[in-house]
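Participant: One structure is given below, represented as structure tokens, and several questions about it will come after.
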Amino acid sequence: MIHYREIAFVAYAVTRMARARKFYEGVLGLKSNGFAKSLKTAKFIEYSIGSSAHTLAIGSSPQWKPSRHGATVAFEVKDFADAVAHLKRRKIKFAMGPLDLPSCRMVLVRDPDGNPVTLHQRKAR
């Protein structure tokens, strides 16, 4: 069984990062929490909302298209390895990953309708 801590982040796909940043940073006043290689060339930027446990991310990738039909949710898990093993036992196909990134580990799967669902575990900062 997978045990959940919280939602790790909500993410929105964008087509043009510069335009999206103008809105999220210029209009909404959000500030990057630093999880981007270079804010000028980033393909994925995170914004802390309230406490660091609440994050909105925007990203641009050829495999990830903006949709008017909903957002992506990422569930923070207590034990990433156990979560991945659970998915494998259930014969769930991975749409992306598992990935081991500098700030986290994550894997993306799809629900029966094709919606993306991410299981995520933050690394110590």
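Participant: More than 12 Å apart: what percent of Cα pairs in segment 71-125 qualify? Don't jump to the answer; show the numbers that get you there.
Facilitator: Numbers: 944 of 1485 pairs.
So the pairs more than 12 Å apart make up 64 percent of the total in segment 71-125.
Participant: Sum up the charges of everything whose Cβ sits under 14 Å from the Cβ of His3, counting Lys and Arg as +1 and Asp and Glu as -1, but leave His3 out.
Facilitator: Charge balance in the 14 Å sphere: -2.
Participant: Based solely on its DSSP helices, what 222 nm [θ] is calculated for the chain when runs of n ≥ 4 H residues each add -39,500 (n - 2.57) and the sum is averaged over all residues, nearest 500 deg cm²/dmol?
Facilitator: So the helix-based figure for the chain works out to -3000 deg cm²/dmol.
Participant: Follow-up question, since we're still on this one. Note down the relative contact order for the chain as a percent, whole number, built from C-alpha pairs under 8 angstrom at least six residues apart.
Facilitator: Relative contact order for the chain comes out at 28 percent.
Participant: Expressed as cubic angstrom per residue, what is the convex hull volume of the alpha carbon set of the chain?
Facilitator: 112 Å³
Participant: Where only protein heavy atoms count, and the probe is 1.4 Å, what is the accessible area per residue for the chain in Å²? Mind dumping the intermediate values first?
Facilitator: Details: 8370 Å² over 125 residues.
Accessible surface, normalised per residue, equals 67 Å².
Participant: Also: Would you please put 108-115, 57-64 in order of how densely packed they are, using the mean number of other Cβ atoms within 10 angstrom per residue and starting with the highest?
Facilitator: In decreasing order of mean packing, 108-115, 57-64 become 57-64, 108-115.
Participant: With the full set of protein chains in place, find how many percent of the accessible area of the chain is carbon and sulfur; take the probe as 1.4 Å.
Facilitator: 55 percent
The values are calculated or read from the model by the stated rules, or taken from the named source; none is laboratory data. It should be emphasised that the depicted structure is a prediction, and the values quoted were computed from it without experimental measurement. In this analysis, Cβ positions are derived from the backbone assuming ideal geometry, glycine residues included, and neighbour counts consider all displayed protein chains. Remember, those area values only see protein heavy atoms, side chains included, never the ligands or the DNA or RNA. Shrake-Rupley method; radii C 1.70, N 1.55, O 1.52, S 1.80 Å.
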